[in-house]
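Below is one structure, written out as C-alpha cells; the observations come after it.
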Amino acid sequence: MRRKDREITDFDEIVSIMRKCDSCIIALNDGDFPYVVPMSFGLSVENNQLYLYFHCANEGRKLDIIRKDPHVTFEMDCEHNIILYEERMSCTMGYASVIGHGEFEFVCNEDKFDALKILMKQYHSEDFKFNTNMMKATTVLKLRVFDIVGKRRNNIHPEEKTKTHISLE
C-alpha cells in the first residue's frame, strides 16, 4: 500500500468497518475480464478466521464462474464524505474501505438456515422470521477470507483546518 499512514492492519478495526458496510463487491475470474457484482453479505469470525456469507438464485452466471474458479477478490467501503479545502480550492474524499481475497464454498442445505441468519444479522434483522421454503430456491455461499487490508482517509492535519466535510451517506 502506497499510503501506509492510511493503512489499517488491526483485525478488529477492519471487522468494525465491514459491519458498517451494506454491500460487498466481489470480483470473479471470468476469462478475459473479471466479473464484478455487488452483493449483500453477512460475516462471522470463528477462531480468528473471517468468513463472509452470500446468497443468490440457484443458477446464473455468477455460480457458473464460481464452479469453474472459486477464488474471489472482494471490496467494501463506507464512511463516505467529500472534503473541500476552500483556501487552496481543492478537494478529496473521506472513506473507510476493506479489500481481501478468499475462496468460495457452497453451504449445504442443512447449514443454510444458520448461514442466512448470519447474513440477516449484518442488516440488524436477525430476528426476522423468513419463509424457510424459499431456501430451496436459494444458494448460499461461504467465503473463507485468506487476507484482508483496510484503509481510511479522514485524518485531520494542522494545515487542513479550513476544510468542510459533506457526508454522502
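What nm distance separates the two modelled labels at residue 130 and residue 146, each placed 7 Å from Cα along Cα→Cβ?
Roughly 2.8 nm, to one decimal.
Just add up the charged neighbours of residue 130: K/R +1, D/E -1, any other residue whose Cβ is under 15 Å from the Cβ of residue 130.
Numbers: positive: 112, 117, 121, 129, 136; negative: 114, 126, 127.
Around residue 130, the charge tally is +2.
What number comes out for the charge environment of residue 117, summing +1 per Lys or Arg and -1 per Asp or Glu over other residues with Cβ under 10 Å away? Walk me through the intermediate numbers first.
Details: positive: 112, 121; negative: 114, 126, 127.
Every neighbour counted, the sum reads -1.
Starting from the Kirkwood Rh over alpha-carbon pairs, what translational D in µm² s⁻¹ does the range 85-132 have by Stokes-Einstein at 10 °C and 1.306 mPa s? Let's see the in-between values first.
On the way: Rh = 15.0 Å.
The diffusion coefficient I find is 106 µm²/s.
Angle, helix 11-20 long axis vs. longest principal axis of the chain, Cα atoms, 0 to 90°, nearest 10?
80
Within a Cβ distance under 13 Å of residue 30, other residues only, what is the Lys/Arg minus Asp/Glu net charge?
Numbers: positive: 61, 62, 67, 68; negative: 32, 64, 69.
Value of the local net charge: +1.
Before rounding to the nearest 500, sum -39500 (n - 2.57) across all DSSP H runs of length at least 4 in the chain and divide by the residue total; then give [θ] at 222 nm in deg cm²/dmol. Walk me through the intermediate numbers first.
Details: 3 runs with 29 residues, N = 169.
For the chain, the value works out to -5000 deg cm²/dmol.
For residue 139, enumerate residues with amide H under 5 Å from its amide H, sequence gap 5+ or separate chain, H modeled in the peptide plane.
Those qualifying (amide H under 5 Å, at least 5 residues apart or on another chain) are 56, 57, 58.
For the range 47-155, which trypsin sites (Lys or Arg not before Pro) pass both filters: DSSP loop (anything but H, G, I, E, B) and at most 12 other C-beta atoms within 10 Å? Mind dumping the intermediate values first?
Numbers: sites: 61, 62, 67, 68, 88, 112, 117, 121, 129, 136, 142, 144, 151, 152, 153; in loops: 88, 129.
Loop-located and lightly packed - 88, 129.
Determine ³J(HN,Hα), in whole Hz, for all residues of the range 92-99 in sequence, where each value follows from phi through the Karplus function 6.51 cos²θ - 1.76 cosθ + 1.60 and θ = phi - 60°; x replaces Gly and Pro.
Residue by residue, the range 92-99 yields 8, 10, x, 6, 9, 9, 9, 10 Hz.
Relative to the longest principal axis of the chain, what angle (0 to 90°, nearest 10) does the C-alpha long axis of helix 112-122 take?
Here the helix axis deviates by roughly 20 degrees.
If you bin the C-alpha pair distances of the chain every 10 Å from 0, what whole percents do you get?
Distribution as computed: 9, 33, 30, 17, 8, 2, 0 percent.
Quick note: the coordinates plus some simple rules give every number you see, no bench work behind them. This one's a predicted model, so the numbers in the text were calculated from it and none came from an experiment. Cβ atoms come from the backbone with ideal geometry, glycine included; neighbour counts cover every protein chain shown.
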